[in-house]
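Undergrad: Below: one structure in structure tokens.
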Amino acid sequence: MEKLNLTGKSKHSSDDALRGLSAVFVDGERVFIDNGAIHAKSNLERGLTFVKNREEVPNPRDVWVFWITLRRGPDGQGYHGAMPFRLWVDEAAGVGFKSLAEQVNKMEKAVKGQVDLTGVPDEVVARVGGFLKQLRPDLWDHAGEAFRTAFAAPSQPES
């Protein structure tokens, strides 16, 4: 079982707020964690040249990434913030597109405990919610109400 590498001491000297941060990827049928995304060094991002316009990616594959944060509440540690962003990648061409500003802004919002899944397709929301529930049921049980509601009943329009 994959672990959410979110607790304990950080292996680097980043802000303490980032210790409870993780990146959950939805790439096709795969849902997985790659915390290298925190420093823009996920396995998916490595080896790609990021271009300034999405149109410069010849055969883009749409990848959803969710910043997920934890917070300790009265009953224990649980999921807290969730903010999605998108990557478009073409590994064969060696290029990708992402909005670095959006990625950083969403990270900050997730760290502050915000949850906003607007524009994420229902099937993606359901898959991430199911993944998080299965991965660590204890974190799901202690998640904030806004977090559980957002993942339990997706109803956002697809963008």
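Laboratory data are not the source of any read-out in this text; all were calculated from the coordinates shown. Nothing here was measured: the structure is a model prediction, and the numbers come from that model. Reconstructed Cβ throughout: ideal geometry from the backbone, glycine too, with neighbour counts over all protein chains shown.
Undergrad: So which residues in region 79-119 are over 16 Å from K41 (Cβ atoms) and in contact (Cβ under 8 Å) with a residue 60 or more places away in the chain, if there are any at all?
TA: Of everything in region 79-119, those that are over 16 Å from K41 (Cβ atoms) and in contact (Cβ under 8 Å) with a residue 60 or more places away in the chain turn out to be Y79, H80, G81, A82, A110, V111.
Undergrad: OK, next. Residues of region 66-84 being buried (at least 22 other Cβ atoms within 10 Å of the Cβ) and either touching a Lys or Arg at 6+ places or on another chain (Cβ under 6 Å) or outside any strand (DSSP E or B) (or both), which ones?
TA: W67, H80, M83
Undergrad: Could I ask something else about it? Is it fair to say Q77 is polar (S, T, N, Q) and touching a Leu at 6+ places or on another chain (Cβ under 6 Å)?
TA: Details: polar (S, T, N, Q): yes; touching a Leu at 6+ places or on another chain (Cβ under 6 Å): yes.
Answer is yes for this residue.
Undergrad: Any residue at all in region 19-31 that is more than 22 Å from D141 (Cα to Cα), out of contact with any helix residue (DSSP H, G or I) (no Cβ under 9 Å at 6 or more places or on another chain) and in contact (Cβ under 8 Å) with a residue 24 or more places away in the chain?
TA: The answer is yes, given that some residue of region 19-31 is more than 22 Å from D141 (Cα to Cα), out of contact with any helix residue (DSSP H, G or I) (no Cβ under 9 Å at 6 or more places or on another chain) and in contact (Cβ under 8 Å) with a residue 24 or more places away in the chain.
Undergrad: Right, next: With the requirement that a residue be of a type in the set (K, R) and surrounded by 14 or more Cβ atoms within 10 Å (Cβ to Cβ), what does region 108-130 give you?
TA: K109, R127, listed by residue number.
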